[in-house]
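Engineer: Can you read through this structure? Questions will come right after.
The values are calculated or read from the model by the stated rules, or taken from the named source; none is laboratory data. It should be emphasised that the depicted structure is a prediction, and the values quoted were computed from it without experimental measurement. Every residue, glycine among them, receives a Cβ derived from its backbone with ideal geometry; neighbour counts consider all protein chains shown.
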Amino acid sequence: MIERIPTPLDGLVLLRPRIFTDTRGHFLETFSQRVFEDLLGPSGAFVQDNESLSARDVLRGLHFQLEPHAQGKLVHVISGAVLDVCLDIRPASPTYGQHYKVRLDGSSKELLWIPPGFAHGFLALEEGTIFAYKCTAYYHPASERTILWNDPELAIDWGIERPIVSDKDQEGLPFRARWDLRTA
């Protein structure tokens, strides 16, 4: 059984799985297409799984892909912990430009469904954090965009002053940059 926990941003949903624990360890179901569709409705098939390993204080994001390559993502932490941040970039959404933050970790095993139309990023809170995500569209480099993680307009409190950020993410564009969010 998975508990569905709505967030303040429409379509963005936290999922809390049931974890079976005994002296041997634990077991949980991290994905079932049938359960996923029962909880969230049809979202398209997942076509790609990704995993990243990050040192403490590594910040990745805020990433998204333009249509028709926009990705929905089902994310969770295998080990370690992250501060996960999702930014609503759907121009017609009443929460356009708002963000949601949640701590995901390898103990609670909570998952976050991030539908297409959100930019996504995370900060590794522990050394050796392993982060996994299922995607509804393939990675398409020409469609990828990066919003500046520390854009003052967004006022995202990452809880850190000097994270470890890639050159690509450091060169992200401000949220109000003039890009066409409709198509690659």
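Engineer: So, in the range 22-57, of the ones that are modelled with pLDDT of 90 or more and among the polar types (S, T, N, Q), which residue ends up surrounded by the fewest Cβ atoms within 10 Å (Cβ to Cβ)?
Structural biologist: Step by step, filter the range 22-57, then rank; the result is Thr23.
Engineer: Could you tell me whether Gln98 is surrounded by fewer than 18 Cβ atoms within 10 Å (Cβ to Cβ) and either of a type outside the set (Asp, Glu) or free of Cβ contacts under 8 Å to residues at least 60 places away in the same chain (or both)?
Structural biologist: yes
Engineer: Still on this structure, please answer the following. Which ranges mark the strands (runs of 3 or more DSSP E) fully within the range 73-162 that have 2 or more residues being over 21 Å from Ser43 (Cβ atoms)?
Structural biologist: In the range 73-162, the matching strands (runs of 3 or more DSSP E) lie at 73-79, 81-88, 99-105, 118-124, 129-135, 144-146.
Engineer: Quick check on the range 101-115: of everything there that is surrounded by 20 or more Cβ atoms within 10 Å (Cβ to Cβ) and not aliphatic (A, V, I, L, M), which residue is farthest from Pro17 (Cα to Cα)?
Structural biologist: Ranking the qualifying residues of the range 101-115, first place goes to Pro115.
Engineer: If you take the residues in the range 149-184 that are surrounded by 11 or more Cβ atoms within 10 Å (Cβ to Cβ), more than 21 Å from Asp57 (Cβ to Cβ) and out of contact with any Pro (no Cβ under 8 Å at 6 or more places or on another chain), which one is modelled with the lowest pLDDT?
Structural biologist: The extreme case among them is Trp179.
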